[in-house]
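What follows draws every value from the coordinates through simple rules; no lab data is involved. What you are looking at is a predicted structure, and each value in this text was computed from that prediction instead of being measured. Glycine also receives a Cβ, built like all others from the backbone with ideal geometry; neighbour counts cover every protein chain displayed.
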Amino acid sequence: MLKKFTLIISVMLACGWSANAQSFNITDYGAVAGGQTLNTQFIQKAVDAAAAKGGGKVIVPQGIFLTGTIHLKSNVEFFLDKGAILTGSTNLSDYERTDRWYAILIADKQSNIKITGYGTIDGQGKALAKNVIKLVKNGAIIDEFKLNRPDEHLRPQLIEIQNSAHVQIKHVTLKDAACWVQTYNKCTDLLIDSINVQSTAFWNNDGIDVVDCKDVKIKNCNINAADDGICLKSSDRASACQNIEISNCRVRSSASAIKFGTASLGGFKQINVHDIEIYDTYRVAIALEIVDGGTMEDVIVSNINARNTGGAIFIRLGQRKGDIPGILRRVNISNVTVDIPKGKPDAGYDIAGPPEEDIYPHNLLPTEIVGLPGHPVRDVKLENINITYGGGADKKHAFVSLDSLASIPERASEYPEFSMFGELPAWGIYARHAENIQLKNVTIRYKETDFRAAIVMDDVKKLIVDGLNIPTASTDAVIVLRKVSNEVIKKLKTPVAAKKAVVRKL
């Protein structure tokens, strides 16, 4: 019994837990509410005092507290009380950075960090970004100013934690960053639980970015983001995102809701995404991308309910960086329901997705599984999938003949997006350069007539279709196969007789 008790105490101390952890109220160190006084030094004093005692709870009480960058430290819980608003300064000079980003809350090489409570961190992103733009235009900052906006690294985030272990972010509201809302880079044992992200202040407002982290749980979160909702990235070829679970979240995005990439040097391994509600999302519900030479494998996506999204699923193996393409294999997606409207899904939001029609004109886009010649996407299974498309495609708007499938561009080195190929010859599912693709109990339909084939498979080795229901079709060529070998198609239901429904092209 004594050994067991000693073990429990040892674990508690290792994790920075203490039954008698001290509290450090920032007002006791000089912080003043009201939103006018810059409280950076006073809040930092409270954090430093807690760290000097071996850990403790730094309390931001009710009120508006203006601040620049605060450096979090090991064994310190940063707690925002109900009604507390930690407001980021709109002056870039009030911020410090890691070797990567400016942010309000920063930690590097720390352990046992918590950001908790029922208050709000408000980045004042719109005003802050405008002030950064002024600095660029006045010549105070040198920047290429691409796409009429300053570089991401010049626009502070709310949270930037890197090279740290045992990190918890719970319950807080994160509002209006000038760039990505929060980034966790090379962290282990990361928990993000029950947070509320509301950030539509400026471009690149990703909701959550996890970069090359291991042992991560993201759950019970509500995300409303002007860019990708929950995004996994890999910026180090020697590292990867690994052993990550994303569950029970509600996500809206003016880009993609759940995305792996685009940075994908190391890759993504053993990822489980389940029980996600997605709505009003400009691009796709699920985007899985390897374009920088990394490896994506052992990915499970299940129980996804998406309504009013631009697309359902986008799986892409490209070659943006690296001597050879990476590897994308062993992806299992199941129990997914998606409703894709005819119109723009995120119309009316503050920062809506940019118009892409001028670059690559297209009708509504299908689910896409696309590799490269000689480097296929492998071992993808879609099971219990139900996708409804708005339909209404118009040949005058965009058209690709089924006799010219080879003309669809590869665009191996381009930025990966579901619209990158422009118009596609299928309205439901399009796969190219793939191997061992399984469709089991899949239903796809449209609301308004679409002149295209429902499914096009091009350069696919080993195709298994077991239960495919396509209740709507306006052409005899429902399924088109080009350079497809070793295929099995059974339990096919279409308005067209099976002998006519499946068509081969050279």
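What the table shows:
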{"item": "Gain on full stretching of the segment that runs from residue 394 to residue 137 - 0.36 nm per residue minus C-alpha separation", "result": "88.2 nm"}
{"item": "Unsatisfied cross-links (Cα-Cα over 23 Å) in the set 130/342; 344/447; 461/490; 342/499", "result": "130/342; 342/499"}
{"item": "Stokes-Einstein translational diffusion, segment 327-384 - Kirkwood Rh over all Cα pairs, 0.692 mPa s, 37 °C, in µm²/s", "result": "222 µm²/s"}
{"item": "Theoretical gain in end-to-end length, residue 403 to residue 163 [0.36 nm per residue, Cα-Cα removed]", "result": "81.1 nm"}
{"item": "Whole-number D in µm²/s for segment 375-475 (Stokes-Einstein; Kirkwood sum over Cα pairs; 37 °C, 0.692 mPa s)", "result": "225 µm²/s"}
{"item": "Positive-end extreme of charge dipole, the chain - chosen from 30, 260, 80 (charges on Cβ)", "result": "260"}
{"item": "Residue among 351, 317, 340 farthest towards the positive dipole end of segment 299-366, charges placed on Cβ", "result": "317"}
{"item": "Set of aspartates and glutamates with alpha-carbon distance to residue 505 below 16 Å, sequence-local pairs under 8 removed", "result": "403, 458, 459, 476, 487"}
{"item": "Net dipole in debye of the chain [+1 Lys, Arg Cβ; -1 Asp, Glu Cβ; about Cα centre; nearest 20]", "result": "1060 debye"}
{"item": "Cubic angstrom per residue, convex hull over Cα atoms of segment 20-205", "result": "108 Å³"}
{"item": "Rg [Å, one decimal], Dmax [Å, integer] - the chain, C-alpha atoms", "result": "24.6, 80"}
{"item": "Dipole in debye (nearest 20) - segment 237-506, about Cα centre, beta carbon charges: Lys, Arg +1; Asp, Glu -1", "result": "840 debye"}
{"item": "With at most 12 other Cβ atoms within 10 Å, longest stretch of the chain clear of loop trypsin sites (Lys or Arg not before Pro) (DSSP)", "result": "110-394"}
{"item": "Square roots of five times the Cα gyration tensor eigenvalues for segment 458-506, Å", "result": "18, 13, 7"}
{"item": "Nonlocal amide H pairs with residue 162, under 5 Å, H built at 1.01 Å", "result": "107, 108, 109, 185"}
{"item": "Karplus 3J(HN,Hα) series, Hz, for segment 113-118 with 6.51 cos²θ - 1.76 cosθ + 1.60 (x for Gly, Pro)", "result": "10, 10, 10, 9, x, 10"}
{"item": "Segment residue 153-residue 28, length gained on full extension (0.36 nm per residue, minus Cα span)", "result": "41.6 nm"}
{"item": "Nearest-20 debye value, segment 20-205 charge dipole, Cβ charges on Lys, Arg, Asp, Glu", "result": "160 debye"}
{"item": "HN-Hα J in Hz across segment 68-80 - Karplus 6.51, -1.76, 1.60, θ = phi - 60°, x for Gly and Pro", "result": "x, 6, 10, 9, 7, 9, 4, 6, 10, 9, 9, 10, 9"}
{"item": "Label point distance in nm, residue 497-residue 352, each placed 7 Å from Cα along Cα→Cβ", "result": "4.7 nm"}
{"item": "For segment 237-253, Karplus couplings with θ = phi - 60° (6.51, -1.76, 1.60), whole Hz, Gly/Pro x", "result": "5, 8, 10, 5, 7, 9, 6, 10, 10, 10, 8, 6, 10, 10, 10, 10, 8"}
{"item": "Compactness index (Cα Rg / 2.2 N^0.38 Å), segment 237-506", "result": "0.93"}
{"item": "Per-selection Kirkwood Rh - segment 164-307 (Cα, Å, 1 d.p.)", "result": "14.5 Å"}
